[in-house]
Structure formats: structure tokens, C-alpha cells
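Structure first, commentary second.
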Amino acid sequence: MKKLIILIVLVAGGLWLYGRKLPADLETRSSVTLVARADTVFQTIRKIGNNPLWWSELKSVRQVPGRRRETWEQNMGGGIGLVTIEITQLVDGQIMTTQTTGAEEDGETGPDWTGSWNFRVTNTAAGTRVTMTETLHIEPPFLRIWMKVRGRYRTVDTYLTSLAGQFGEIATPQHGDR
């Protein structure tokens with residue numbers, strides 16, 4: 001029994017050290033090009049309350065009243081759980097940025113991670129281009145490992161492929177600045 005406990009401690013310590021070496025700050029960017037009109041695509045993104053109807057990673061969402069900015073509580077799948085976001089930038093028809101809210105507003109002691117998500121909708125010769133950028137800061141080493149295992153593009157790619165599916169389209173996200 002003692003050897004098992006020592007082994008568990010050594011494995012956990014090794015994982016912790018490995019996680020500490022992974023970057024705490026991540027930026028992930030993906031894009032898709034859709035046939036659907038830009039204004040329709042942007043309105044679909046903007047209507048956060050309807051996102052669970054088409055985004056496979058989102059279990060439910062509710063608007064949080066009484067906040068300085070428009071705020072939403074999202075129940076995310078994939079082991080993430082409840083995430084409270086607020087809209088921090090809105091250029092109608094073109095750009096929307098959301099970010100996690102501060103722990104003091106949510107009555108918590110402090111988040112293990114923070115994030116922001118920027119959505120840009122532009123017209124191109126090929127159609128409507130949607131670019132999603134996720135910027136994360138992840139403090140705990142074990143959470144960094146979990147992010148690496150689940151895949152850094154998972155959130156942005158499932159969002160964009162689900163968005164395409166909402167319009168009856170199939171899209172393969174392109175990673176990076178393309």
C-alpha cells in the first residue's frame with residue numbers, strides 16, 4: 001500500500017511538473033467560409049441565447065440580469081461546466097468579443113482560467129468568412145494538461161463547424177491567420 005501511495009505521488013508530481021512547462025497563455029484562431037449571408041451569420045452568432053440550439057458543446061445558456069454589460073452564463077460540455085461571459089465589444093454585423101467575467105462579480109474566490117473569444121464576420125469573394133479567436137490564460141498545471149489532451153482547437157472548431165451546420169453547410173476550419 002505504501003509503494004502504491006509513493007507511486008501515485010510520483011506520477012502526480014511528474015504530471016504537475018510537465019503541466020508547469022506548458023504555456024499558461026494560449027491563442028487559437030480558426031476560420032470558415034460560408035455561403036450564407038454575412039448579416040444572417042452575424043445575427044446567429046450574436047443571439048447567444050439561441051446558441052445551444054446549434055452548438056454541440058453548449059448544453060444551456062441563460063442571460064444574467066443586473067450586470068453592467070450584457071452577461072450570459074453558459075453550461076459548457078466537454079468537462080468545462082459553467083462559464084459566465086460578458087460582451088465587451090460589439091460592432092454590429094462585423095465583430096463581437098466576449099470574455100469571462102471577474103471572480104468578484106460571480107462571488108467566487110478566483111478563476112482557474114480566464115478567456116476571451118473574438119468573432120469577426122467579413123465578406124470575401126468566396127463568401128462569408130467567420131474568424132474566431134480564443135485567448136486563454138490557464139493557471140493550474142493539471143488544467144493545462146487537460147487542455148493539451150482535449151486539443152487546443154476543440155472549442156473554436158466545434159463552434160465553427162456547428163455554425164456552418166446551422167446553415168446546412170459543411171465547413172472545415174482553417175487554423176491560424178489564413
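The values are calculated or read from the model by the stated rules, or taken from the named source; none is laboratory data. Note that the structure is predicted; figures quoted are calculated from it, not measured. Using ideal geometry, Cβ is built from the backbone for each residue, glycine included, and neighbour counts are taken over all protein chains shown.
The table below gives the values:
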| read-out | value |
| --- | --- |
| Selection from the range 132-157 of residues that are over 18 Å from residue 84 (Cβ atoms) and touching a Leu at 6+ places or on another chain (Cβ under 9 Å) | 132, 141, 142, 144, 145, 147, 148, 152 |
| Within the range 119-153, considering residues that are charged (D, E, K, R) and under 13 Å from the mean Cα position of the chain (by Cα), the one nearest to residue 45 (Cα to Cα) | 134 |
| Single residue of the range 14-35 satisfying the filter (modelled with pLDDT of 95 or more and among the small types (Gly, Ala, Ser)) that is nearest to residue 165 (Cα to Cα) | 31 |
| Residue that is farthest from the chain's Cα centre (by Cα), among those in the range 1-36 that are closer than 18 Å to residue 117 by Cβ and β-branched (Val, Ile, Thr) | 32 |
| Sole residue being at pLDDT below 95, crowded, with 17+ Cβ neighbours inside 10 Å and in contact with a strand residue (DSSP E or B) (Cβ under 8 Å, 6 or more places away or on another chain), chosen from 178, 129, 120, 144 | 144 |
| Inter-residue pairs, beta-carbon under 9 Å, first under 9 Å from residue 38 (Cβ atoms) and in the range 124-137, second in a loop (DSSP other than H, G, I, E, B) and charged (D, E, K, R), 6+ apart | 128/37 |
| Qualifying residues in the range 36-72 (those that are in contact with a helix residue (DSSP H, G or I) (Cβ under 6 Å, 6 or more places away or on another chain) and surrounded by fewer than 18 Cβ atoms within 10 Å (Cβ to Cβ)) - the one nearest to residue 167 (Cα to Cα) | 54 |
| Members of the range 17-28 found to be farther than 12 Å from residue 139 by Cα and either surrounded by fewer than 15 Cβ atoms within 10 Å (Cβ to Cβ) or among the aliphatic types (A, V, I, L, M) (or both), listed by number | 17, 18, 27 |
| Unmet requirement for residue 37, which otherwise passes all of (1) within 20 Å of residue 153 (Cβ to Cβ); (2) in contact (Cβ under 8 Å) with a residue 60 or more places away in the chain | (1) |
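Okay, residues lined up against (1) touching a Leu at 6+ places or on another chain (Cβ under 9 Å); (2) touching a residue at least 24 places away in the same chain (Cβ under 8 Å):
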residue	(1), (2)
20	no, yes
27	yes, yes
44	yes, yes
48	no, yes
92	no, yes
99	no, no
